[in-house]
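To start, the structure itself, in structure tokens.
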Amino acid sequence: MVIHGTVVGLQARINLIICLSQSSNIEIECVVDTGFEGYLTLPSAVINKLGLPYLARIDANLADNSSVPVNVHLVTILWNGIERDVAVLVMGSRPIIGTALLEDCHLSIDFYDGGTVLVDDIL
């Protein structure tokens, strides 16, 4: 597996494929956030549009050590050529990929505008 992305405005961005049904997938651009330990966040408008199933409401711990209540939904994604069901937190204004999704992967980022982002298998 190799996922290619680009640095835009000093944000590492890669595309993620969301599987909606057997014949329907959509691709969304996500920011890679190594400070986020979850799998994925999506804005509420995206969750509502996709009709993702609700799982639970949790208290999410933020970088300033405060907690906020957030809804958690289930989404099926295509990662490393395999469909995976992951928890997605409903928050923020842009999709974010966290380190739970990057576990057991190698991440390489050339931090300049237009730089290369690579996610691949650990050798």
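The values are calculated or read from the model by the stated rules, or taken from the named source; none is laboratory data. Remember, it's a predicted structure, so these values are computed and weren't measured experimentally. Heads up, the Cβs are rebuilt from the backbone with ideal geometry, glycines too, and the neighbour counts pull from every protein chain shown.
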Those residues of region 51-75 which are buried (at least 16 other Cβ atoms within 10 Å of the Cβ) and at pLDDT below 95 amount to 52, 60
Can you find a residue that is farther than 19 Å from residue 107 by Cβ, surrounded by 14 or more Cβ atoms within 10 Å (Cβ to Cβ) and under 14 Å from the mean Cα position of the chain (by Cα) anywhere in region 4-22?
yes
Checking the condition under 24 Å from residue 107 (Cβ atoms) and at pLDDT 95 or above, which residue from 83, 37, 29 passes?
29
For region 47-67, which positions are within 21 Å of residue 35 (Cβ to Cβ) and either outside any strand (DSSP E or B) or within 16 Å of the chain's Cα centre (by Cα) (or both)?
60, 62, 63, 64, 65, 66
Report yes if some residue within region 68-88 is in contact (Cβ under 8 Å) with a residue 12 or more places away in the chain, part of a strand (DSSP E or B), touching a strand residue (DSSP E or B) at 6+ places or on another chain (Cβ under 8 Å) and over 21 Å from residue 18 (Cα atoms); otherwise report no.
yes
Note: among 37, 27, just one is on the phi < 0 side of the Ramachandran plot, in contact (Cβ under 8 Å) with a residue 24 or more places away in the chain and not hydroxyl-bearing (Ser, Thr, Tyr), namely 37
Determine whether region 94-109 contains at least one residue that is among the small types (Gly, Ala, Ser) and within 12 Å of the chain's Cα centre (by Cα).
yes
All-but-one check, residue 56 against (1) under 23 Å from residue 8 (Cα atoms); (2) out of contact with any Asp or Glu (no Cβ under 6 Å at 6 or more places or on another chain), failing number (1)
Only one of 45, 12, 60 is more than 17 Å from residue 98 (Cβ to Cβ) and hydrophobic (A, V, I, L, M, F, W, C). Can you tell me which?
45
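Within region 86-105, how many residues turn out to be loosely packed, with under 14 Cβ neighbours inside 10 Å, modelled with pLDDT of 95 or more and either more than 15 Å from residue 38 (Cα to Cα) or not hydrophobic (A, V, I, L, M, F, W, C) (or both)?
Number of matching residues: 0.
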